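Have a look at the structure below before the remarks.
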Amino acid sequence: MKKLIYLPLALALSAGGFSGCKSKQANNDANTTTTSADTVTNTAPVQISSDDLLSTGVRDATKDFPGVSATVNNGEVTLTGNIKRDRLPTLMQSVQSLHPRKVNNNLTVE
Amino acid sequence: MALEQKYQELINAAKTSEVQNLQVREQNNVLYIDGEANSGAVKDNLWNIYNKIDPDFKGGDLVLNINVKAASGSKAKVITKESNLNIRKGPGTEQPTVGKAAHNEIVTVLNQTNEQWWLIKTNGGVEGYAYSQYLTPA
């Protein structure tokens, strides 16, 4: 007989416990705010590509620019030769996306 | 901090045009600005501001790396100056070409393999890697 008495009590307790967890979870969700995307501070060091990767990348980037030569040294890309002004942004966009330490633009811009 | 001031207009424009994962870092007298734009127009605008502040990009004090996001399955337009765009077997110019996409042709982006190369498919069924600099979300 004792078991029959305790069983409903145990069920009631466990049910109460569950509902308590649920409401706590709901509160957590409600309190979560979306952080705005305008945070720009980052203290992680800038990732610089290896010279091998940069050399491959620079070869691809300059392929369509026959008047342009590029060298890579310790993360720095140096561009020399001639280029038309309207083609310069395309080349610079490609080169600067390779994660170089620096881009030295010694090109003669025509 | 001096470089952030020099390029303040560019940084502000990146923020207002909702560039994602925007990072602005100054290290050894070079400013690094990284982020992802939702359109080619946003990227072009930022580069125009860069060119205005530092004419012909001669300063060597900024590395601007703004990539344009393109979802898998989305369309992209070929923006070569006038020539065809090579489609290659793998991501690199040493890879053999498997086909070409015409200037202004619309292709399907299968994935953005990396910042330089996207896997694309033409309406004609040619599938391979193309240089992302010559593609923009359509």
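The values are calculated or read from the model by the stated rules, or taken from the named source; none is laboratory data. As the structure is a prediction and not an experimental result, all values here were calculated from the model. Note that each Cβ is placed from the backbone with ideal geometry, even for glycine, and that neighbours are counted across all protein chains shown.
For the range A:62-77, give me each residue that is within 20 Å of A:GLU110 (Cβ to Cβ), buried (at least 19 other Cβ atoms within 10 Å of the Cβ) and of a type outside the set (Phe, Trp, Tyr).
Here is the first cut: in the range A:62-77, the ones within 20 Å of A:GLU110 (Cβ to Cβ) are A:62-70.
Add one more test, that the residue is buried (at least 19 other Cβ atoms within 10 Å of the Cβ), and what stays is A:62, A:64-65, A:68, A:70.
Passing the criteria: A:THR62, A:ASP64, A:VAL68, A:ALA70.
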Is the range A:64-75 home to any residue that is closer than 23 Å to B:ASN67 by Cα and assigned to a helix (DSSP H, G or I)?
no
Check the range B:33-48 and report whether any residue there is surrounded by 15 or more Cβ atoms within 10 Å (Cβ to Cβ), modelled with pLDDT under 95 and under 30 Å from A:PRO45 (Cβ atoms).
yes
For the range B:43-96, which residues satisfy the criterion of being more than 12 Å from every other protein chain (Cβ to nearest Cβ), of a type in the set (Val, Ile, Thr) and under 17 Å from A:ALA61 (Cα atoms)?
B:VAL78, B:ILE87
If I filter the range A:32-51 for residues that are outside any loop (DSSP other than H, G, I, E, B), over 23 Å from B:GLU82 (Cα atoms) and at pLDDT 95 or above, do I get at least one hit?
yes
Every residue in the range A:76-105 that is under 25 Å from the mean Cα position of the chain (by Cα) and in a loop (DSSP other than H, G, I, E, B), please.
A:SER97, A:LEU98, A:HIS99, A:PRO100, A:ARG101
Looking at B:ASN51, B:ASN29 in this structure, which one is exposed (fewer than 13 other Cβ atoms within 10 Å of the Cβ), touching a Leu at 6+ places or on another chain (Cβ under 9 Å) and of a type outside the set (Asp, Glu)?
B:ASN29
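So that you can scan it fast, the table gives a plain yes or no per residue for (1) farther than 25 Å from B:VAL78 by Cα; (2) within 10 Å of chain B (Cβ to nearest Cβ):
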| residue | (1), (2) |
| --- | --- |
| A:LYS63 | no, yes |
| A:VAL68 | no, no |
| A:THR71 | yes, no |
| A:GLY81 | yes, no |
| A:ARG85 | no, yes |
| A:PRO89 | no, yes |
| A:GLN96 | no, yes |
| A:PRO100 | yes, yes |
Of all residues in the range A:80-103, which are of a type in the set (S, T, N, Q) and surrounded by fewer than 16 Cβ atoms within 10 Å (Cβ to Cβ)?
A:THR80, A:ASN82
Tell me which of these B:GLN20 doesn't satisfy, since it passes every other one: (1) farther than 27 Å from A:VAL109 by Cα; (2) in contact with a helix residue (DSSP H, G or I) (Cβ under 8 Å, 6 or more places away or on another chain).
(2)
Filter result (part of a strand (DSSP E or B) and touching a Leu at 6+ places or on another chain (Cβ under 7 Å)) within the range B:101-126
B:ALA101, B:LEU110, B:ASN111, B:TRP118, B:LEU119, B:ILE120, B:LYS121
If a residue has to be of a type outside the set (A, V, I, L, M, F, W, C) and touching a residue at least 24 places away in the same chain (Cβ under 8 Å) to count, how many in the range A:74-96 make the cut?
10
Output the number of the condition that B:TYR32 fails; it satisfies all remaining conditions of (1) part of a strand (DSSP E or B); (2) closer than 23 Å to A:LEU79 by Cβ; (3) more than 8 Å from chain A (Cβ to nearest Cβ).
(3)
Please specify each residue of the range B:103-121 satisfying the condition of being surrounded by 14 or more Cβ atoms within 10 Å (Cβ to Cβ) and either touching a residue at least 40 places away in the same chain (Cβ under 8 Å) or among the aliphatic types (A, V, I, L, M) (or both).
B:VAL107, B:VAL109, B:LEU110, B:GLN112, B:GLU115, B:TRP118, B:LEU119, B:ILE120
